[in-house]
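Just so it is clear, none of the values below were taken in a lab; they were calculated from the coordinates. If you're wondering where the values come from, they're calculated on a predicted model, not measured in any experiment. Because the Cβ atoms are built from the backbone with ideal geometry, glycine has one as well, and the counts that use them run over all protein chains shown.
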Amino acid sequence: METYQPINCDYYDRLEAWATMQTVCSIVFKDEDGRQQTLSAKIEDVYTKDKIEYLRTDTGLIIRLDALLSVNDIPLPGKM
């Protein structure tokens, strides 16, 4: 597993806001094989475990935040 690269704090706050508002989000991320995936889901939680930040969707999928490319067509700073 690659070393975790923390995401921009403002973007983290945006993810928390979408979770709080229960917004259905278009989430684009790289899976464990490096392939780009797109998912439409609500963000249920944004959390840290073992110094790595994750989000959990209402589909049960857990995504490392440094694997995100964009959410709701807003790219992560430095990713696109």
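One table, with the values for the structure above:
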{"read-out": "Output for the range 1-25, where each listed residue is part of a loop (DSSP other than H, G, I, E, B) and in contact with a Phe, Trp or Tyr (Cβ under 6 Å, 6 or more places away or on another chain)", "value": "none"}
{"read-out": "Strands (runs of 3 or more DSSP E) contained in the range 26-80 and holding at least 1 residues basic (K, R)", "value": "36-49, 52-57, 62-64"}
{"read-out": "Residue check, I43 within 18 Å of G78 (Cβ to Cβ), surrounded by 13 or more Cβ atoms within 10 Å (Cβ to Cβ) and aliphatic (A, V, I, L, M)", "value": "no"}
{"read-out": "Residue count for the range 49-78, restricted to those that are surrounded by 12 or more Cβ atoms within 10 Å (Cβ to Cβ), closer than 16 Å to R14 by Cα and of a type outside the set (A, V, I, L, M, F, W, C)", "value": "9"}
